[in-house]
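*Asks:* For reference, the structure I am asking about is given below.
The values are calculated or read from the model by the stated rules, or taken from the named source; none is laboratory data. All figures in this text were calculated on a predicted structure; none of them were measured in a lab. Here the Cβ positions follow ideal geometry from the backbone for every residue, glycine too, while neighbour counts run over all protein chains shown.
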Amino acid sequence: MKPIYVTEPALPPLEDFIPYLQQIWDSKVLTNGGPFHKQLEDALCEYLGVKHIALFTNATIALITALQALRITGEVITTPYSFVATAHSLLWTGVKPVFIDIDPVTLNMDPDAIEAAITPQTTAIMPVHCYGHPCDVERIQKIADTYGLKVIYDAAHAFGVQNEAGSILNYGDLAVLSFHATKVFNTFEGGAIICPDAKTKQRIDHLKNFGFVDEVTVVAPGINGKMSEFNAALGLLQLKGIQGALEKRKVIDERYRSALADVAGIYCVPSAGEKVANYAYFPIMIRPDYPISRDALYQKLRDNGIFARRYFYPLISDFPMYRGLPSATPANLPVARQSANQVICLPIYPTLGEAEQDKIISVIQEA
Ligand SMILES: Cc1ncc(COP(=O)(O)O)c(C=O)c1O
């Protein structure tokens, strides 16, 4: 059997992409808000159920731009249980990350811990919808409103996720998506900011194009965050297959859940009650009553050609550029630490076959 990785990017048939390339070659418009860029923005607004979207070259530049657009300074409260780009975006903006612990069930930022972390320097909260499972968006907004804080969601995992009111991306002042190759919806590399109004989108569009407003006017020290026509064209094509891809992910999710339900010491992280899930990841926790340790199972899977990943281990707060912060102290983050030490994300992607999934399940069952 060929190696099984934690994910495999979804790609349309190559021949379907050729007509898009032909159009790019014919028009010679490669970037800077070309026709595919405009079409993808419109198509994503409709598919996701959001009002305004600004496409980006990746989510990391989008997070940095989101912070700049809202002029965030001082301290931002965030989670250590995420991909390192969440906190890196704060450091790149000259902002101090303040880590708080996570909820043991959802693994998202614990709203109970937010208030205690607020200081006179706090200007914003940056929560992550970890694994595409929604944060407690209502409570976070309430706290933000009480203290006059902005909320910027790192929604890199949350493409297409909905609660009762619709898209989870409509919460907060801004929400940032990733379209990286490993994500549910990919444009090779890519990202986006969901904006609540046209004025904010316009500011963000200026910021992602060096701050240019017109040929001779630069209004801010912007960056080059633009998505190319090549990526936007792929996005349009990917959207046609997204529903089928999500349905296949759901079947894989359900098969894992039923096969692993009775394995002592294995806990499948549940959804956070979302109305529409995206099955972006399949995290399990390896608990003390499992016969071997988390790292022994991780190695055993590798020995069998299964390259699962320990997302999110190590915690962001353990990396050298963060561990000196007062909020990075282990006593402040017990749930995040335990989760990081127990987690394995199992392979989940639309082309994962039943035989491959059965092999993964049997390695876990037979430890
Ligand atoms: C939670 C989170 N935030 C940010 C990023 C950065 O996204 P990108 O690779 O598009 O820059 C990722 C993953 O790549 C992520 O998982």
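*Asks:* Taking the condition of being within 12 Å of the ligand (Cβ to nearest atom) and closer than 14 Å to residue 72 by Cα, how many residues in region 93-128 meet it?
*Replies:* Qualifying residue count for the region: 1.
*Asks:* Only one residue in 159, 188 is touching a residue at least 40 places away in the same chain (Cβ under 8 Å), buried (at least 24 other Cβ atoms within 10 Å of the Cβ) and more than 9 Å from the ligand (Cβ to nearest atom), so which one is that?
*Replies:* After applying the criteria, what remains is 159.
*Asks:* Restricting the search to region 295-317, which residues are farther than 24 Å from residue 359 by Cα and either of a type outside the set (Phe, Trp, Tyr) or surrounded by fewer than 14 Cβ atoms within 10 Å (Cβ to Cβ) (or both)?
*Replies:* 314, 315, 316, 317
*Asks:* Could you go through region 355-362 and let me know if any residue there is farther than 20 Å from residue 250 by Cβ and either modelled with pLDDT of 95 or more or part of a helix (DSSP H, G or I) (or both). Reasoning before the result, please.
*Replies:* Pass one, region 355-362, residues farther than 20 Å from residue 250 by Cβ: 359, 362.
Retained after the next criterion (residues that are either modelled with pLDDT of 95 or more or part of a helix (DSSP H, G or I) (or both)): 359, 362.
Yes: one or more hits.
*Asks:* Is there a residue in region 318-329 that is of a type outside the set (Gly, Ala, Ser), surrounded by 14 or more Cβ atoms within 10 Å (Cβ to Cβ) and not in a loop (DSSP other than H, G, I, E, B)?
*Replies:* Within region 318-329 (the criterion being of a type outside the set (Gly, Ala, Ser), surrounded by 14 or more Cβ atoms within 10 Å (Cβ to Cβ) and not in a loop (DSSP other than H, G, I, E, B)), the answer is yes, since at least one residue qualifies.
*Asks:* Confirm whether residue 164 is touching a Phe, Trp or Tyr at 6+ places or on another chain (Cβ under 9 Å), assigned by TED's automatic domain parsing to the domain that holds residue 205 and of a type in the set (Asp, Glu).
*Replies:* Working: touching a Phe, Trp or Tyr at 6+ places or on another chain (Cβ under 9 Å): no; assigned by TED's automatic domain parsing to the domain that holds residue 205: yes; of a type in the set (Asp, Glu): yes.
Considered against the rule, which asks whether it is touching a Phe, Trp or Tyr at 6+ places or on another chain (Cβ under 9 Å), assigned by TED's automatic domain parsing to the domain that holds residue 205 and of a type in the set (Asp, Glu), residue 164 comes out as no.
*Asks:* Kindly evaluate residue 252 against the criterion of being closer than 13 Å to residue 351 by Cα, modelled with pLDDT of 95 or more and either outside the structural domain of residue 343 (by TED's automatic domain parsing) or in contact with a helix residue (DSSP H, G or I) (Cβ under 8 Å, 6 or more places away or on another chain) (or both).
*Replies:* Judged against the criteria, residue 252 is a match.
*Asks:* Here's another thing I want to ask about it. Kindly indicate whether any position in region 38-57 is within 14 Å of the ligand (Cβ to nearest atom), within 30 Å of residue 325 (Cα to Cα) and touching a residue at least 12 places away in the same chain (Cβ under 8 Å).
*Replies:* So far as region 38-57 goes, no, none of its residues is within 14 Å of the ligand (Cβ to nearest atom), within 30 Å of residue 325 (Cα to Cα) and touching a residue at least 12 places away in the same chain (Cβ under 8 Å).
*Asks:* Please pick out the residue among 176, 151 that is modelled with pLDDT of 95 or more, within 14 Å of the ligand (Cβ to nearest atom) and surrounded by 19 or more Cβ atoms within 10 Å (Cβ to Cβ). Spell out how you get there, then give the answer.
*Replies:* Details: 151 fails: within 14 Å of the ligand (Cβ to nearest atom).
Just one listed residue meets the conditions, 176.
*Asks:* Of the residues 290, 349, only one is under 22 Å from residue 180 (Cβ atoms), at pLDDT 95 or above, part of a loop (DSSP other than H, G, I, E, B) and not acidic (Asp, Glu); which?
*Replies:* Result: 349 is the single residue among 290, 349 that is under 22 Å from residue 180 (Cβ atoms), at pLDDT 95 or above, part of a loop (DSSP other than H, G, I, E, B) and not acidic (Asp, Glu).
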